[in-house]
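For reference, the structure discussed in these notes is given below.
The values are calculated or read from the model by the stated rules, or taken from the named source; none is laboratory data. Every value quoted in this text rests on a predicted model; they were computed, and no experiment measured them. Cβ atoms come from the backbone with ideal geometry, glycine included; neighbour counts cover every protein chain shown. Just the protein is used for accessible areas: all its heavy atoms, side chains included, with ligands, DNA and RNA removed. Shrake-Rupley method; radii C 1.70, N 1.55, O 1.52, S 1.80 Å.
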Amino acid sequence: MTGGQAGRLRHAEHVMGTVVSFDVPACAGEEVPACAGEEAGPAGDGVGGALGRAVRWLHWVDATFSPYREDSDVSQLGTGEVSLAQCAPELTEVLEACAAISVLSGGYFTTTPDGRFDPSGYVKGWAIERAAAMITAAGSAGHCVNGGGDVQCVGDRGSGQPWRIGIADPLRAGSLALVVAGRDFAVATSGVAERGPHIVNPHTGQPATDLASVTVAGSGLTLTDAYATAAFAMGSGARDWVESLDGYEAFAITSRGADWQTSGFAAYLA
Amino acid sequence: MRRVILTIAGTIAGLVALLSFKSHVPTVPSASVSTTGGSGTAGTGSTGGTPGPSSSPATVPGEFPMGSLAGELTVGETAVTGQLANTVYGPVQIQLVMRNGKIVKVAVLRQPMNTINDIRIGDFAFPKLIGETLAAQTAKIDAVSGASYTSAGYIQSLQSALDNRA
């Protein structure tokens, strides 16, 4: 579905088992040549064209990395049907990045969360960040891409106003816990998903139960998302861990309804 | 409040259209709101709203009209009917029942042929979604970050209300 008020480009794409929402508020037609799709951007097709390419990129990521598709590179690599060399080169890039994050998080970030190979904790944020970058390359100075609750904001929302991102309250469906605001930043929340297996603490093998949700804010969604995933698995130890990470802040709601935040998180409060 | 009603009617029309699950077809929902009757006397309701461009309320083949709630209003309730929104999925028309400035019921007067036909307004999440939409508008947010939702979960989510607002 694509649409919106005059000048604002919005699109929601069903992909990767979720919905990815695009929002380009400053597409005021002729005022912004990039949005008019006329000879703007490296591909010469403007923001609209970049949006189409971003959508195709997401579907390619889905086909290549989905652990729910038997014929994806991830599934075939996981079962040993193919070797890494036979996979798309992005697999190598992703695996190397995941290994580094696993080390950084003391093993709480893992590509085998259920015992089978699944790098989704990295792939989704990475795919969204790259989709947003495609739109930046086409000339958009401000846009927001939300991949199922993990958000990459580029620039601001126009008129110098920061992007405002509501953080869902994990204990009260439909309500917001708080609102964060910023420019050129990413927000990722990890918590008990509406469906699917619980996030497991890889060290104990048991579901992670300390936290109802944890939200990490940083500059790029790839790492922000991966750190949020690791932080949720970590539970109460996540606060000190994110505190130690330069450029990342966290806010969490515990299973009992209390909350904590890292020392720099206040800079994001709206 | 009128502006909010207008936005919500547009949001819901867009959502009903989205529920048809057609793939990647652009939609231009253009609902606006006309307030129908609703005087204060007990038991008086308003007659059903006038559809927009099409003059005749007769059923178009392929549509599944639901009855107007205007005949069932109780004291203090008003029926507010949006104009016919000609989305690419098909025509959608929403009716809201207001009481004391709050939306208490939603009726889908017209919906496209391929929508999920078991939308029972009482059971469906529209009232919850409306509350969420109002909250989101109050907070003036651009997007929602939360634990990952599935495609089906998205439909009833705050993010979909934001994506569909006029």
- Considering each residue of the stretch A:53-86, count those that are aromatic (Phe, Trp, Tyr) and open to solvent by 70 Å² or more (accessible area, probe 1.4 Å), and give that number. 2
- Task: Please work out if residue A:206 is surrounded by fewer than 17 Cβ atoms within 10 Å (Cβ to Cβ) and within 22 Å of residue A:233 (Cα to Cα).
- Result: yes
- Task: Could you check, for the stretch B:120-132, whether at least one of its residues is open to solvent by 20 Å² or more (accessible area, probe 1.4 Å), modelled with pLDDT of 60 or more and more than 9 Å from every other protein chain (Cβ to nearest Cβ)?
- Result: no
- Item | All positions within the stretch B:93-105 that are crowded, with 21+ Cβ neighbours inside 10 Å and at pLDDT below 70 | B:103
- Task: Kindly indicate the residue of the stretch A:160-214 that is at the interface with chain B (Cβ under 9 Å from one of its Cβ atoms), part of a loop (DSSP other than H, G, I, E, B) and more than 15 Å from residue A:255 (Cα to Cα) and also modelled with the highest pLDDT among those meeting that condition.
- Result: A:175
- Message: Looking only at residues that are touching a strand residue (DSSP E or B) at 6+ places or on another chain (Cβ under 8 Å) and farther than 24 Å from residue B:164 by Cα in the stretch B:75-92, which one is modelled with the lowest pLDDT?
- Response: B:78
- Query: Conditions: (1) under 21 Å from residue A:191 (Cβ atoms); (2) open to solvent by 20 Å² or more (accessible area, probe 1.4 Å); (3) of a type in the set (Phe, Trp, Tyr). Residue A:117 meets all but one. Number of the miss?
  - Reply: (1)
- Task: State yes or no: is residue A:250 closer than 20 Å to residue A:176 by Cβ and either at pLDDT below 95 or within 14 Å of another protein chain (Cβ to nearest Cβ) (or both)?
- Result: yes
- Considering only the stretch A:99-135, state which residues are under 15 Å from the mean Cα position of the chain (by Cα) and without any contact (Cβ under 8 Å) to a residue 40 or more places away in the chain. A:133
- Scan A:103, A:145 and give me the residue that is modelled with pLDDT of 95 or more and away from chain B (no Cβ under 14 Å). A:103
